Amino acid sequence: QFGRTEVIDNSLNPDFLHKFVLDYCFEERQNLRFDLYDVDSKSPDLSKHDFLGQAFCTLGEIVGSAGSRLEKPLTGIPGKKCGTIILLAEELGNCRDVATLQFCANKLDKKDFFGKSDPFMVFYRSNEDGTFTICHKTEVVRNTLNPIWAAFAIPVRALCNGDHDRAIKVEVYDWDRDGSHDFIGEFTTSYRELAQGQSHFNVYEVVNPRKKMKKKKYLNSGTVTLLSFAVEAEHTFLDYIRGGTQLNFTVAIDFTASNGNPSQPTSLHYLSPFQLNAYSLALRAVGDIIQDYDSDKMFPALGFGAKVPPDGHVSHEFPLNGDASNPACHGIAGVLEAYQRSLRHVQLYGPTNFAPVVNHVARSAATVLDGSQYFVLLIITDGVISDMAQTKEAIVNVRPLWWLALGWVVAPLGAGNLGPLGDTGAAVCRAHSSGGFPALDPLNCSAPLCPPAQFVPFRDYMTGGPGAGLSMAGLAREVLAEIPDQLLSYMKARGIKPPPHSPMSPETPP
């Protein structure tokens, strides 16, 4: 039991004020149960009160519903309509503002014997105990006493930890190649002062305390002026989900002969009457979570590497449901059903080509560029790739993660080696230690960009017995962990902001 609401007397349409604070994890299935009771006494024992009904859902279902508002019928009393429960979610407010500032300086001290100074600034926020923590360094502007530094963005919480009156200390240095930078001077300000923007309040004297002590006529070592100040909220994954962004989930399944004969228990495709095979387990683990973020629950499902009826040609992009014009299946249950049906009708063959399914999803992503959908491709394979060159080319062609809303996941089931899906031309998309394929920075790199990918070895999670469910939860966590950050990177790169949504306000229940 996580907690209880307050009691509302004599009402069939109670509007509960009590809020439950839960840690939200996109990549986990967080099951919830709500039980309602009619209070008859002050006893905390629930058996002493009348049970009115219950509802089951996941936290993702509430968050993923339109406006993060989920309505569910109450059940639990046979033969009786128990009414409706309305559940609302909102993200806890915290300091998510990002400030963008630009400074210049005038008549700074000359520190270099030959030439002028090479000035830069260091920003520190003050701590409760009187110490200071560095929070930003500007770039170095070479050979000038009147530098204009580039504008920089910094989270407000990093600058002042949410306390707008807390002191911010700024030190100005002359850069030296050997690292022994010469101290020019310092000044203090606060976020509240900076927020006033360009004004006479934000012209600061840069003072060197040692010089001030030694020279009676010393005034300063120059001035620093705030040229501009702007602040805006940093959007979160939930801002976009609440604003209506849908996750468009496509699955592609490997039907190559290297998976083994489906009629044999050693095959990854073996359909046992007693348990799900590896492909079904991977589908269920990931799909059960991601389906909460797609309102129509329709998921395109493709196969590759098989001979398909009626003529037995080899296809690397065939619909599991048999409908080439609409390969979408209803819910993860529909995908599983279509997968099992396909297994009985196609002939496992080869080779293992990824490029066609990557291009299939890329074509879909190219039709939706307004941020209303984010496309996720899950490729489940036995881990032996054949068309490395073509897949690299497809990745480079799909490189506009910043043009197309597309992230992808590769889940190898067997012991095969995918090889390096890297070195995609100039992109050099190297697999790092966790196996992922990091996207290059779109703003600082002119090379072709790679859509972000996760490489998750399914075999690491294949355990039987009572721990199987936990293993699948671990698989889902790793597969989906990067999706929120991928989505945010895409939206930020394209300048797409979430539609405004009204704050949580309970509506009158029916």
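Out of curiosity, is LEU22 outside the structural domain of CYS160 (by the TED database), open to solvent by 40 Å² or more (accessible area, probe 1.4 Å), part of a strand (DSSP E or B) and over 30 Å from LEU145 (Cα atoms)? Spell out the reasoning first.
Numbers: outside the structural domain of CYS160 (by the TED database): yes; open to solvent by 40 Å² or more (accessible area, probe 1.4 Å): yes; part of a strand (DSSP E or B): no; over 30 Å from LEU145 (Cα atoms): yes.
In short, no.
I want to confirm something. Restricting to region 1-14 and keeping residues that are of a type in the set (D, E, K, R) and open to solvent by 80 Å² or more (accessible area, probe 1.4 Å), which single residue is nearest to ILE85 (Cα to Cα)? Can you show your working first?
Step one: list which residues in region 1-14 are of a type in the set (D, E, K, R), which gives 4, 6, 9.
Filter again for open to solvent by 80 Å² or more (accessible area, probe 1.4 Å), leaving 4, 9.
Working: ARG4: 15, ASP9: 17 Å.
In this case the residue turns out to be ARG4.
Have a look at SER364, SER342 and point out the one that is at pLDDT 90 or above and buried (at least 16 other Cβ atoms within 10 Å of the Cβ).
Values: SER364 fails: at pLDDT 90 or above.
Every option except SER342 fails the conditions.
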* **Boolean, TYR349 is of a type in the set (Phe, Trp, Tyr), surrounded by fewer than 22 Cβ atoms within 10 Å (Cβ to Cβ) and in contact (Cβ under 8 Å) with a residue 12 or more places away in the chain** => yes
* Considering only region 172-244, give the helices (runs of 4 or more DSSP H) lying wholly within it that have at least 3 residues that are open to solvent by 60 Å² or more (accessible area, probe 1.4 Å) and basic (Lys, Arg). => 209-214
* Do you know which residues across region 246-282 are touching a strand residue (DSSP E or B) at 6+ places or on another chain (Cβ under 7 Å) and in a helix (DSSP H, G or I)? -> ALA257, ASN259, TYR279, ALA282
* Structure fact -> When region 296-324 is checked residue by residue, the ones that are more than 31 Å from the chain's Cα centre (by Cα) and part of a loop (DSSP other than H, G, I, E, B) are GLY305, PRO309, PRO310, ASP311, GLY312, GLY322, ASP323, ALA324
* To do: With a cut-off of at least 3 residues that are touching a Ser or Thr at 6+ places or on another chain (Cβ under 8 Å) and in the same structural domain as ASN13 (by the TED database), name the strands (runs of 3 or more DSSP E) lying wholly within region 27-78.
  => 50-58, 69-73
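Conditions tested, residue by residue: (1) out of contact with any Ser or Thr (no Cβ under 7 Å at 6 or more places or on another chain); (2) in contact (Cβ under 8 Å) with a residue 12 or more places away in the chain; (3) assigned to a strand (DSSP E or B).
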| site | (1), (2), (3) |
| --- | --- |
| LEU87 | yes, yes, yes |
| ALA105 | no, yes, yes |
| ASP112 | yes, yes, no |
| LYS116 | no, yes, no |
| ALA153 | no, yes, yes |
| ILE168 | no, yes, yes |
* Structure fact -> How many residues of region 65-94 are closer than 30 Å to ALA158 by Cα, out of contact with any Lys or Arg (no Cβ under 9 Å at 6 or more places or on another chain) and crowded, with 19+ Cβ neighbours inside 10 Å? The answer is 0
* Asked: So which of THR138, THR131, THR58 ends up being open to solvent by less than 60 Å² (accessible area, probe 1.4 Å) and within 24 Å of VAL224 (Cα to Cα)?
  -> THR138
* Of all the residues that make up region 300-332, how many are within 25 Å of ALA365 (Cβ to Cβ) and open to solvent by 50 Å² or more (accessible area, probe 1.4 Å)? -> 7
* Asked: Does any residue in region 327-338 that is touching a residue at least 40 places away in the same chain (Cβ under 8 Å) come within less than 8 Å, Cβ to Cβ, of a residue that is hydroxyl-bearing (Ser, Thr, Tyr) and open to solvent by less than 20 Å² (accessible area, probe 1.4 Å) six or more places away or on a different chain, and which pairs are these?
  -> LEU336/SER280
* If you go through region 159-166 one residue at a time, do you hit one that is open to solvent by less than 60 Å² (accessible area, probe 1.4 Å), assigned by the TED database to the domain that holds ASP109 and at positive phi? -> yes
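The values are calculated or read from the model by the stated rules, or taken from the named source; none is laboratory data. On a predicted model such as this, the values are computed, not experimentally measured, just so you know. Here the Cβ is made from the backbone with ideal geometry for all residues, glycine too, and neighbour counts use every protein chain on show. Accessible surface is based on the protein model in full, side chains and every heavy atom, while ligands, DNA and RNA are left aside. Shrake-Rupley method; radii C 1.70, N 1.55, O 1.52, S 1.80 Å.
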